[in-house]
Amino acid sequence: MFTIVIFGFQIQGLTLTRTTDIFKAAMAIFILGLTAISVSALAEGPEELSLEETSIEEIMQNPSGYQGQRVVVEGEIVMECSAGCWFILEDTAGSIYVDLNPNNFAIPRKGGFEARVYGQVDIKDDEPYILGEIVLIDGEVYR
């Protein structure tokens, strides 16, 4: 009988006598390890989203100061494209347009959800907006 503990998972079994049994046990341990590592990486999310948050109000008050900079903003999705290629993000002090289309991705309909967005600030018709690169909504990452 043997007992192995990996990443908090306990594996128990009978004494391994054949080479194939040992191989199967080794593969099971390897797969458990990869699964634990993958789950850990997903829980942390992309590194870009861990940057310090910029308020939408700060961007709106100084658009030229943020133009070309990558920022992280957070707020509620209050309006969205039915195809998921853009949305309006609103925090307690303002709202901003987030365009995903230039980066070739979209999100599912998520109106009313809180979102964390990483992207580059740009200006069109004297209005700042964000070219979204990564969006985190309810634990799901879109890019």
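Key figures for this structure:
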| item | result |
| --- | --- |
| Scan of the range 119-130 for residues that are in a strand (DSSP E or B) and not polar (S, T, N, Q), ordered by number | GLY119, VAL121, ASP122, ILE123, LYS124, GLU127, PRO128, TYR129, ILE130 |
| Single match in TYR97, TYR118 (criterion: modelled with pLDDT of 95 or more and more than 19 Å from VAL141 (Cβ to Cβ)) | TYR97 |
| Within the range 101-126, tally of residues that are closer than 16 Å to VAL78 by Cβ and either among the small types (Gly, Ala, Ser) or surrounded by 17 or more Cβ atoms within 10 Å (Cβ to Cβ) (or both) | 7 |
| Residues that are in contact with a helix residue (DSSP H, G or I) (Cβ under 9 Å, 6 or more places away or on another chain) and not charged (D, E, K, R), drawn from the range 104-119 | VAL117, TYR118, GLY119 |
| Restricting the range 44-61 to residues that are of a type in the set (S, T, N, Q) and in contact with a strand residue (DSSP E or B) (Cβ under 9 Å, 6 or more places away or on another chain), the residue that is modelled with the lowest pLDDT | SER50 |
| Selected residue [crowded, with 18+ Cβ neighbours inside 10 Å, within 22 Å of GLU47 (Cα to Cα) and in contact with a strand residue (DSSP E or B) (Cβ under 9 Å, 6 or more places away or on another chain)] from VAL71, VAL141 | VAL71 |
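The values are calculated or read from the model by the stated rules, or taken from the named source; none is laboratory data. Keep in mind that what you see is a predicted model, and the values were worked out from it rather than measured. When we count neighbours, we look across all protein chains shown, and the Cβ atoms used for this are built from the backbone with ideal geometry, even at glycine.
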